[in-house]
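Student: Take a look at this one; I'll ask things after.
The values are calculated or read from the model by the stated rules, or taken from the named source; none is laboratory data. Predicted, not measured: the structure shown is a model, and the values here were computed from it. When we count neighbours, we look across all protein chains shown, and the Cβ atoms used for this are built from the backbone with ideal geometry, even at glycine. Heads up: the accessible areas ignore ligands, DNA and RNA and are worked out on the full protein's heavy atoms, side chains in. Shrake-Rupley method; radii C 1.70, N 1.55, O 1.52, S 1.80 Å.
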Amino acid sequence: MNSEEVIDNQQELLLKLKETQRQLEEKNKQLELINQIGSMLTSELELEKVVQNVTDIATKLSKAQFGALFYNKENEKGEEYLLYALSGASKDDFAHLPVLRVTPMLAPTFSGEGVIRSDDITKDPRYGRNKPHRGMPKGHLPVKSYMALPVVSKKGKVLGGLFFGHSKSGVFTQNEENLVLSIAAQAAVAIDNAHLYEAKLQAEQRVKRVLESIPQMAWTSLPDGFIDYFNERWYAYTGQSFDQAKGNGWENIVHPDDIAHVNDVWQKALKNGETFELGSRLRGVADNSYRWHLTRAVPVKDEKGKIQLWVGTSTDVDDYKTTQETLLQKNKELEKINKDLDSFVYTASHDLKAPVINIMQILEELKVSGIYTTDDTKIFVNLLDKSLNQLHSTIDDLSALVKVQKNINATVEYLSLKDIVEEVKLSLNEEFYRSGAKVLLELDEVPTVPFSKANLRSVLFNLISNSVKYCSPDRTPEIVIKSAAIPGYYQISVSDNGLGLDLETQKGKLFQMFRRFHDHVAGSGIGLYIVNRIIENQGGYIEVTSAVNKGTTFNLFIKKEEKK
């Protein structure tokens with residue numbers, strides 16, 4: 001090889017080296033540009049701006065005369081519709097054209113199959129196969145060089161398609177295709193972000209529309225607790241502007257005695273992601289006074305459990321709280337009155353019982369050893385005896401009432417109904433013997449019930465003793481006691497075949513104190529009053545069915561214990 005050939009080879013190598021260096025520099029510039037484009041696209045969250053930026057940049061880098069990005073957008077109802085952005089051409093150039101159809105030429109792009117790049121699209125076998133245009137519609141910009149590629153999200157969803165055209169042939173090379181593919185990948189991320197941002201805005205708007213329609217003051221906050229929205233009722237009540245209330249500005253209308261506690265509970269809710277609920281006093285602009293409000297805020301989380309925002313309401317409960325405080329005070333007063341009354345009844349019954357017993361004993365002695373000078377004297381003594389027995393019975397009944405009141409908060413335990421009935425039968429052994437009464441038990445469904453033992457015994461004693469006392473002379477007394485479970489209650493029924501009652505005339509008086517419905521046997525008329533009071537104190541109720549000369553059924557409904 002002579003010297004000239006060596007020089008020529010060196011020059012050729014030098015030229016190749018410079019070309020390679022130029023290509024590397026151009027490649028580096030392109031990569032740097034793509035990175036800058038990616039940063040620019042991902043920083044923009046408005047969908048329309050994102051797609052326009054993508055279209056402008058891709059059209060320029062691809063050396064196309066014009067470019068378009070067709071993309072799907074979802075409305076608030078979840079319905080998708082097609083929009084597009086243009087670059088290098090006016091929308092007027094496309095306004096008169098028919099609606100875009102998924103033809104064999106466009107289908108690969110919209111289905112995400114891959115890139116179509118053609119030096120002359122009019123020579124492509126897929127071109128011109130669809131009626132009525134058999135190619136490009138009349139008035140379409142002239143296209144020879146053609147390139148189209150799908151924009152696909154990371155999850156594989158086709159977000160849209162990029163389309164580029166040029167009136168000359170052979171404009172788009174592998175280099176342009178690679179550049180636009182890189183931009184499409186960046187665009188997919190940016191469009192996904194824009195969709196998420198738009199969905200978030202739509203969700204916030206829906207929340208705000210709801211919050212504007214409710215009668216309470218309402219607000220929303222960012223995940224960190226910064227309050228960024230108040231409804232109009234907040235401004236109307238507090239007199240604050242948004243700038244005054246936003247962030248922590250709302251603290252200025254909270255009562256000074258409440259603010260520390262409010263902040264403590266709010267910060268705890270933010271830390272733990274738990275529902276916030278607290279009563280506090282908020283100042284109103286109308287009269288500059290504080291009214292009690294119940295404020296409640298719940299976290300709104302995404303599918304991964306991450307808090308997106310907080311939604312809160314403040315409900316005016318001042319009237320309710322005032323009424324509640326008044327009722328509490330009245331209850332305290334009533335409790336004191338009841339205690340005083342119980343104390344009086346107890347004292348009276350205790351103080352009266354001894355003198356009455358003494359008088360009864362003296363009267364018994366007179367009846368044995370006394371000499372009656374006239375028949376009237378004997379009648380008088382008998383009347384006095386009867387009155388003293390009635391007085392003694394009334395004193396016992398008053399004592400029983402005091403016991404009922406004292407046993408309101410007696411210890412509740414699960415009691416065997418059968419055992420309690422047997423105790424009552426034993427107490428009424430003499431009455432059962434005289435009447436021949438029988439008791440039938442059907443307690444398998446609910447053998448035990450939660451109740452105070454003294455109170456349950458008192459209830460069953462009164463009902464069973466009444467069944468025996470007011471039995472029919474025409475038949476042997478039969479008492480049937482059943483138990484059952486129904487939603488929310490245990491049911492105990494006590495049925496007899498006795499004299500029965502006329503409920504049409506007596507029902508409203510059935511549980512009144514000292515009310516009697518049969519006078520042929522002794523009684524005070526206080527037993528059913530005690531039964532009803534005990535059951536109602538427990539949270540239950542009584543239903544009665546009865547027919548004259550057929551019998552009566554008392555259905556007791558005992559409230560079930562709430563599961564904790």
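Student: When you scan the stretch 283-298, do you find a residue that is over 25 Å from the mean Cα position of the chain (by Cα), in a loop (DSSP other than H, G, I, E, B) and either surrounded by 13 or more Cβ atoms within 10 Å (Cβ to Cβ) or of a type in the set (V, I, T) (or both), even just one?
Tutor: yes
Student: Let me ask you something else. Could you tell me whether V189 is loosely packed, with under 13 Cβ neighbours inside 10 Å, of a type in the set (V, I, T) and in a helix (DSSP H, G or I)?
Tutor: No, not satisfied.
Student: Could you count how many residues in the stretch 260-280 are more than 25 Å from the chain's Cα centre (by Cα) and crowded, with 16+ Cβ neighbours inside 10 Å?
Tutor: 0
Student: Another question about this same structure. Of all helices (runs of 4 or more DSSP H) completely enclosed by the stretch 416-508, which ones contain at least 3 residues that are open to solvent by 70 Å² or more (accessible area, probe 1.4 Å) and not aliphatic (A, V, I, L, M)? Don't jump to the end; show me each part of the working.
Tutor: Values: elements: 417-427, 429-435, 453-469, 503-506.
Where helices (runs of 4 or more DSSP H) fall fully within the stretch 416-508 and carry at least 3 residues being open to solvent by 70 Å² or more (accessible area, probe 1.4 Å) and not aliphatic (A, V, I, L, M), they are 417-427, 429-435, 453-469.
Student: Next question. Counting just the residues of the stretch 299-309 that are out of contact with any Lys or Arg (no Cβ under 7 Å at 6 or more places or on another chain) and hydrophobic (A, V, I, L, M, F, W, C), which one comes out surrounded by the fewest Cβ atoms within 10 Å (Cβ to Cβ)? Even if it seems obvious, please write down each step before you answer.
Tutor: Of the residues in the stretch 299-309, the ones out of contact with any Lys or Arg (no Cβ under 7 Å at 6 or more places or on another chain) are 299-306, 309.
If we keep only those that are hydrophobic (A, V, I, L, M, F, W, C) as well, we get 300, 309.
Numbers: V300: 14, L309: 17.
The extreme case among them is V300.
Student: Now a separate question. Can you confirm whether L503 is among the aliphatic types (A, V, I, L, M) and either closer than 26 Å to E431 by Cα or modelled with pLDDT of 90 or more (or both)?
Tutor: Taking the combined requirement at face value, the residue does not satisfy it.
Student: In this structure, does N248 turn out to be in contact with a helix residue (DSSP H, G or I) (Cβ under 6 Å, 6 or more places away or on another chain) and within 30 Å of V285 (Cα to Cα)? Full working, then the answer.
Tutor: Numbers: in contact with a helix residue (DSSP H, G or I) (Cβ under 6 Å, 6 or more places away or on another chain): no; within 30 Å of V285 (Cα to Cα): yes.
The answer is no for N248.
Student: Another question about this same structure. For the stretch 221-243, what are the residues that are surrounded by 17 or more Cβ atoms within 10 Å (Cβ to Cβ) and within 19 Å of L201 (Cα to Cα)?
Tutor: Of everything in the stretch 221-243, those that are surrounded by 17 or more Cβ atoms within 10 Å (Cβ to Cβ) and within 19 Å of L201 (Cα to Cα) turn out to be S221, G225, I227, Y229, F230, N231.
Student: Ok, one more. Can you say whether N178 is free of Cβ contacts under 8 Å to residues at least 12 places away in the same chain, more than 26 Å from S289 (Cβ to Cβ) and among the polar types (S, T, N, Q), as far as the supplied structure shows? Step through it out loud before you land on a result.
Tutor: Numbers: free of Cβ contacts under 8 Å to residues at least 12 places away in the same chain: yes; more than 26 Å from S289 (Cβ to Cβ): yes; among the polar types (S, T, N, Q): yes.
Yes; evaluated as a whole, the condition is true for this residue.
Student: Ok, one more. Search the stretch 412-464 for residues being among the aromatic types (F, W, Y) and touching a Ser or Thr at 6+ places or on another chain (Cβ under 8 Å), and hand back the single one that is farthest from I542 (Cα to Cα).
Tutor: That would be Y414.
Student: Just for the stretch 55-72: of the residues that are under 50 Å from the mean Cα position of the chain (by Cα) and either assigned to a loop (DSSP other than H, G, I, E, B) or surrounded by fewer than 18 Cβ atoms within 10 Å (Cβ to Cβ) (or both), which one is modelled with the highest pLDDT?
Tutor: D56
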